[in-house]
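The values are calculated or read from the model by the stated rules, or taken from the named source; none is laboratory data. Computed from a prediction, not measured in an experiment: that's the story for all the values here. Here the Cβ positions follow ideal geometry from the backbone for every residue, glycine too, while neighbour counts run over all protein chains shown.
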Amino acid sequence: MHLSISFYAALLGLSASVAAGSAPLTSGQPVPQFDLPYAFQGAEYVASPSDVDALRNTLALYPLAIDGKNFPALGLVFATNAVANYTAPLNVLTPLSTIESALEASLAPVTTQHSFGTQAIDILSPNTAVSVTYFTATHFGIGQFAGQIVTAYGQYQDVWDKQEDKSWRISYRNLVYMGPFIGNLSIFT
Ligand SMILES: *[C@@H]1O[C@H](CO)[C@@H](O)[C@H](O)[C@H]1NC(C)=O
Ligand SMILES: *[C@@H]1O[C@H](CO)[C@@H](O)[C@H](O)[C@H]1NC(C)=O
């Protein structure tokens, strides 16, 4: 419980002692990789398995939306007022409409496949959750760059809030790259 709260607090830029009951902030540093193994020991709150499934299925819509270039469908994943720190060059994107337009513009020159790997989910309370999900994102060049790729390795550290309609949405995301971009970066030009 405490470690999970620490994780939640770190994502929100809060100290653990003030995490519970504090209003979410819109800035937060990612949890360092070294600390992640201790961040998912299971909250004291016993979540319904259906909540975990619902959250995981919601997150699965992210690659479906991005890879389909259906950027308005990101509204199925992010809260309207979501904040997403995609680091340089995209930096902090908010609200949802900006997340949609910035990702659409940055991915316009390529097609993509986003694959999820290692994942940990912790439902902290009836209305809050955190998750970490590794991803491999392959970007495929088009036109003169057909057959060339850029692969990105990273993880999403997500804070979730259950909405009034009982659906889960990401309210805060830190994207953390875990290695250099591999490939021919000219495909983005
Ligand atoms: C966004 O993430 C980067 C990399 O983790 C960090 O250096 C930067 O401070 C973050 N920005 C904000 C506003 O939290
Ligand atoms: C990137 O692709 C272009 C077009 O095929 C090619 O001319 C260029 O040499 C490639 N650059 C690298 C670093 O592979």
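Brief remarks on what is shown
- Unmet requirement for Ala60, which otherwise passes all of (1) surrounded by fewer than 17 Cβ atoms within 10 Å (Cβ to Cβ); (2) small (Gly, Ala, Ser); (3) farther than 19 Å from Val176 by Cα: (3)
- Lone qualifier among Ala108, Ala82 - being of a type in the set (A, V, I, L, M) and in a loop (DSSP other than H, G, I, E, B): Ala108
- Index of the failed condition, Thr98 passing every other in (1) within 30 Å of Phe145 (Cα to Cα); (2) among the polar types (S, T, N, Q); (3) assigned to a strand (DSSP E or B): (3)
- Boolean, Asp161 is away from ligand 1 (no atom under 16 Å from the Cβ) and surrounded by 15 or more Cβ atoms within 10 Å (Cβ to Cβ): yes
- Leu124 being of a type in the set (A, V, I, L, M, F, W, C) and either within 23 Å of Tyr177 (Cβ to Cβ) or at pLDDT 95 or above (or both): no
- Taking the range 136-158 as the range and being touching a residue at least 24 places away in the same chain (Cβ under 8 Å) and more than 16 Å from ligand 1 (Cβ to nearest atom) as the test, the residues that pass are Ala137, Thr138, His139, Phe140, Gly141, Ile142, Phe145, Gln148, Ile149, Val150, Thr151.
- Residue list for the range 126-150, restricted to those being in contact with a Gly (Cβ under 6 Å, 6 or more places away or on another chain) and hydroxyl-bearing (Ser, Thr, Tyr): Tyr134
- Residues being touching a helix residue (DSSP H, G or I) at 6+ places or on another chain (Cβ under 8 Å) and over 23 Å from Ala39 (Cβ atoms) - total across the range 149-187: 6
- Candidates in the range 90-105 are the residues that are touching a helix residue (DSSP H, G or I) at 6+ places or on another chain (Cβ under 8 Å) and free of Cβ contacts under 8 Å to residues at least 24 places away in the same chain; of these, the one that is farthest from Ile170 (Cα to Cα) is Leu90.
- Restricting attention to the range 29-61, the residues that are in a helix (DSSP H, G or I), in contact with a helix residue (DSSP H, G or I) (Cβ under 6 Å, 6 or more places away or on another chain) and either modelled with pLDDT of 95 or more or over 24 Å from Asn85 (Cβ atoms) (or both) add up to 1.
- The residue that is nearest to the chain's Cα centre (by Cα), counting only those in the range 119-141 that are within 16 Å of ligand 2 (Cβ to nearest atom) and buried (at least 19 other Cβ atoms within 10 Å of the Cβ), is His139.
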